[in-house]
Each structure stands twice: as C-alpha cells, then as structure tokens.
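No lab work stands behind these numbers, since they all come straight from the coordinates. Quick caveat, the model's predicted, so the values are computed rather than measured. Cβ: placed from backbone, ideal geometry, glycine included. Neighbour counts: every protein chain shown.
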C-alpha cells in the first residue's frame, strides 16, 4: 500500500447518516420515546472541525423528542464539558466541576433527560458535572440511541 | 449575550490551588521529554519559545495583536466557574505574552516592566503550570475575539515550551505513554480488548438474542474503526451501536489492537507526540489492509 493510498479518515456519524438517508437501516423511533434528548457539541469536533449536523441528523432520525439548548451554548458557541484539553485528572476535580457548570445549567433549562454527545472525554466528565450540579440527566452517545431504535429482526 | 450562569465576581487567585500532579520520570523518558527540570530550564524554555515563535507564526501574531478589549473575558467556562481573573482568556494569554515581550520584542528588552513584560522565573513558571493546565483548549474565546486570537494555540505553545524543560502533568504524560504501550489512552492491553469484545458479543446474544460480531485485527476488512478506547470499556452502549449498524448495513469492519484510540493526547502536550500518535492510525490501516477508516464518537 502506498502512502497516498491510505484512506482519509471519516467520522462514523457520516457513515451512519448516509445509511439512514439511503434507507438502509430500519428504525423504530418509538423505542426512544421515554427520552427527551438534547445534544452537546464537543469542542474539538464542533468548533475545531466544523462538524455540527450529522450527529443531530442521526438523533432526529432515531428519536421523536429532540430539544436544542440555548443558541448561545451550542454549535460554535458550545461550552466545554470542563474536562477537555488534558484536564480530566482527579486532582483538579474542582476545576472540572466549575468548568462544566455553564453546560449543566444550559442542559437543566431544557428539561432533557438524555444528553447525547460524541466525545469520550465529555462522556467521562459530564456525568460528574451533572451529579454535582444536581441536573437529572443521563449522559450518553449518539449511537446508543441508534442501538435502541435499530430494528434487526 | 445571555449566559446560563451569571458572570461571577472577581476572586483573585481562587483557582490557584487547583494544580495538576507533576509528570513521573518514567513516563517522560518514554515520550522523549527531559525526565526532570534541568538546572538550565530557563534557557531550554527560551530556546523552545524561539523555535515555536518561528514555526507557528500564528502564535507570534496572537501575542502581538491583542488590544485587551475584554470581549473574551466572560466567555471562558473556567472563569465563569471559578471567578479567578487569570482564567480570563486574555489574562491567560498574557502569562505567555509578558515573557514573549521581555525576551523577543525591543520594547520589552529596553523598558522591561513598563512595557508590560516579565522575567521568566519560578513565580511565572508556577503560574504557567497552574493556569495553562486550567485551559481546556476549547477555543470558545476565539469565536468572540474581534481579532480572532485563538487562546488554544497559545496554551498549546506554552505547554510545548514547558514540556521542553521537563515540566508537564502526570495525567497527560501518563496517557501519552500508555498509547505507546497499548495503543490506547486507557491502557487496555490487546488480550483485554479482545476479551471485552467477546463479552459484548455474548451479552448481545444473551439479552437480545442477536448474533453480532465485534471483530478485532481482522485483516482485509472493509472498514477500520478507530473508536475512543472508552467505548470498549465504559461507554459500551455506543460500541454496541456501531456493531449493530455495521451488521444491519452488511459492512465488514474491525478494530485494531495496535491503534484503538481516537483521542490524541499529543495535542495537549507537544507536536512531536501528536504526530507520532497520529501516524499509528496509518500504520494500523496498512497492517490490516482496510479500504476505509472511520473515527468513532
């Protein structure tokens, strides 16, 4: 294999959204009816890479209840979860919780019970943040929602 | 602009006690950094700083053009959360800017403190270590800066300069070192990775009666999936989501035990490690002769 033949990496949400658009996946949106879902843009995927819509499209295609947070806290104005940039260390937990506060409050205002995001660091830090600021909201991935709604039999 | 939390009152030094543990010598050696701060640390840092300023012209530009308008001040979640003025992006960048002025500009060399410059000394280094490791490089401030100054790049530059003098945090260096050992940030060795995949297969069979594979190191698969390692270990529902999707679409896929980490902590430390870790993806794709590479969540 030549250096130039190495395939350019794409995001898994591109593939999933493409499959959904082409009707290749059978989806039962009602499987997610117990959830009110909101979406948290991770800094590096959203702001640095300009990757905003595919995850939202997947959520809309797999859930009936989707709500956006305040427009000043999403897309390129998204807040950090508080643990990015190598701050996910336990000794600076106070900083992580303080930094996650704006995100927690924006989430509380929507009343959502599931906060979807596509960054492993956000998924590690936000549950701590939600617990600390007493926001009753589960944190999970976008493909978790697909896993629940995908009809395989 | 409406913010979800009120702008806090200024509390000078309120976040100063939140300091990361320093790096361990064995990790530093593994990732090609000095194992401890050498006696000539100041020279080492200034040498690296000259290199950084030369290589990244954006950094020099950002240091030169700030007019201290304050548009960024209330945009950082770490300032909103702590009220520590040094967590305002402008003040954070100033930690580096002052040293830059002292050693790399005429005004700073001639007039010193009158030109808002500062000697590089123990106190300044301590501030760098505390506050550049309280920035998550999220770039939110840069969205609001009328000049487009990107504090994330300033933080990256400062961390790179500190790393050259053996100053880094335990967490970041540990994670980077783990990648060279195991291929991922969590330090999951290949047998454990395979075990976890087998466990997920069994789990899906038992709970949902589905026969879905989680292939590992399958040569010739169509897709190489580079998930964050946490998907295999913690956020397993996400991993199950990928597997179900590939299964439903009939696409052959695999993960690699050489490179099973989408996150690159080199970005939070220095350029050399960033590049080295990224190259592992190309190497894994070569080894497994895949047609496409997909990034996990």
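Which percent, to the nearest 5, of DSSP beta bridges fully inside the protein assembly as shown are antiparallel? Spell out each step's value before the answer.
Working: 2 of 18 bridges.
Of all bridge pairs located within the protein assembly as shown, approximately 10 percent are antiparallel.
Return the calculated 222 nm mean residue ellipticity for chain A, to the nearest 500 deg cm²/dmol, obtained by summing -39500 (n - 2.57) across DSSP H runs with n ≥ 4 and dividing by the residue count. Walk me through the intermediate numbers first.
Values: 6 runs with 58 residues, N = 153.
Computed mean residue ellipticity for chain A: -11000 deg cm²/dmol.
Using a/c under 1.5 as the rounded threshold, could you call region B:25-168 rounded, prolate or oblate? The axes a ≥ b ≥ c are square roots of the C-alpha gyration tensor eigenvalues, and prolate needs a/b larger than b/c, oblate otherwise. Each step should come with its number before you reach the end.
Values: a/c = 1.73, a/b = 1.26, b/c = 1.37.
Since a/c reaches 1.5 but b/c is at least a/b, the shape of region B:25-168 is classed as oblate.
From a point 7 Å beyond the Cα of residue B:50 in the direction of its Cβ, which residues of region B:105-122 have a backbone N at a distance under 18 Å?
Flagged as within label range: B:105-110, B:119-121.
If you rank A:15, B:53 by fewest surrounding Cβ atoms within 10 Å, what's the result? The partial results should precede the final answer.
Values: A:15 22, B:53 17.
By the 10 Å Cβ count, ascending: B:53, A:15.
Rounded, prolate or oblate for region B:1-94? Axes are the square roots of the Cα gyration tensor eigenvalues, ordered a ≥ b ≥ c, and the cut-off for rounded is a/c under 1.5.
Values: a/c = 2.74, a/b = 1.52, b/c = 1.80.
Oblate, since a/c reaches 1.5 and b/c is not below a/b.
Where is the GNM fluctuation largest for chain A (alpha-carbon springs, 10 angstrom cutoff): A:124, A:104, A:48?
Ranking A:124, A:104, A:48 by mean-square fluctuation puts A:48 first.
So, in nm, how far is label residue B:203 from label residue A:14 when the simple model puts each one 7 Å beyond its Cα toward the Cβ?
Each label point is offset 7 Å from its Cα along the Cβ direction, giving 2.9 nm.
What value, in deg cm²/dmol to 500, does the helix sum -39500 (n - 2.57) over DSSP H runs of n ≥ 4 give at 222 nm once divided by the residues of chain B?
Values: 14 runs with 156 residues, N = 297.
Helix contribution divided over all residues of chain B: -16000 deg cm²/dmol.
If you count, for every residue in A:136-142, the Cβ atoms of partner chains within 10 Å of its Cβ, what is the mean? Don't skip to the answer; put the middle values down first.
Working: counts 0, 0, 0, 1, 5, 13, 3.
Across the residues of A:136-142, the mean count of other-chain Cβ atoms within 10 Å is 3.
Report the extension gain between residue B:144 and residue B:219 in nm, rounded to one decimal, defined as 0.36 nm multiplied by the number of residues separating them, less their alpha carbon distance.
Numbers: separation 75, 0.36 × 75 = 27.00 nm, distance 4.69 nm.
Net length gain for the segment: 22.3 nm.
At 7 Å along Cα-to-Cβ for each site, give me the label-to-label distance between residue B:105 and residue B:119 in nm.
2.0 nm
Return the whole-Å distance between the Cα centroid of region B:215-235 and the Cα centroid of region A:7-44.
The distance from the Cα centre of region B:215-235 to that of region A:7-44 comes to 18 Å.
Name the most mobile residue of A:61, A:120, A:24, meaning the one with the largest mean-square fluctuation, in a Gaussian network model of chain A with Cα contacts below 10 Å.
A:24
Using the count of nearby Cβ atoms within 10 Å as a rough guide to exposure, how do A:153, B:178, A:21 rank from fewest to most? Don't skip to the answer; put the middle values down first.
Numbers: A:153 6, B:178 20, A:21 11.
Ascending Cβ contact count within 10 Å gives the list A:153, A:21, B:178.
With springs only between Cα atoms under 10 Å, which of B:221, B:248, B:230 fluctuates most in a Gaussian network model of chain B?
Largest GNM mean-square fluctuation: B:248.
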